[in-house]
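Have a look at the structure below before the remarks.
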């Protein structure tokens with residue numbers, strides 16, 4: 001038997017600690033889908049259909065669930081297939097020039113690289129999937145004089161992959 005929750009990250013652990021574990025599994029599942037936490041959503045769904053926990057259990061129950069090696073394999077396959085169709089689109093960053101990063105939305109790094117190279121005629125040396133780190137970061141748009149998160153901007157898009165913006169790298173002030 002293997003506990004798999006350790007692979008799900010500290011984000012949800014912090015959320016549950018801050019909520020003092022009062023959140024139910026159903027509420028956590030809902031939040032995981034809304035906030036594009038595909039791994040967490042698939043894990044909860046898998047545990048629910050396998051009878052390992054119930055929707056009404058407190059969210060801390062996810063720390064108590066153990067899966068057999070076969071169940072881990074089944075879960076990984078479900079998650080890989082993205083059965084729940086969560087977050088097929090990610091946020092990617094490509095260093096462009098000395099101080100700038102171009103941001104794109106796309107399903108794969110390959111399609112984003114192709115779009116960037118077509119758009120800029122410059123070969124990509126490195127691409128970063130910055131979805132988890134940057135999706136809720138706010139940026140100011142001078143054209144519209146508004147501030148939006150990348151998540152909000154992604155919801156405004158209809159076609160992917162797409163170019164989002166270019167930003168100057170922040171310099172450390174030590």
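Within 10 Å, count the other beta carbons around each residue, average over each peptide in 46-59, 146-159, and list them highest first. Display every interim value, and only then the final one.
On the way: 46-59: 15.6, 146-159: 12.8.
The densest-packed peptide leads the list: 46-59, 146-159.
What does the extension gain come out to for residue 117 and residue 151, with contour length at 0.36 nm per residue minus their alpha carbon separation?
9.8 nm
Within a 10 angstrom radius of the beta carbon, how do 75, 160, 103 rank from fewest other beta carbons to most?
Details: 75 19, 160 16, 103 22.
Going from least to most buried by this count: 160, 75, 103.
Here, each number is a calculation from the coordinates, and none is a lab measurement. None of the values given here were measured: they were computed from a predicted structure. Ideal geometry is used to build each Cβ from the backbone, glycine not excepted, and the neighbour counts take in all protein chains shown.
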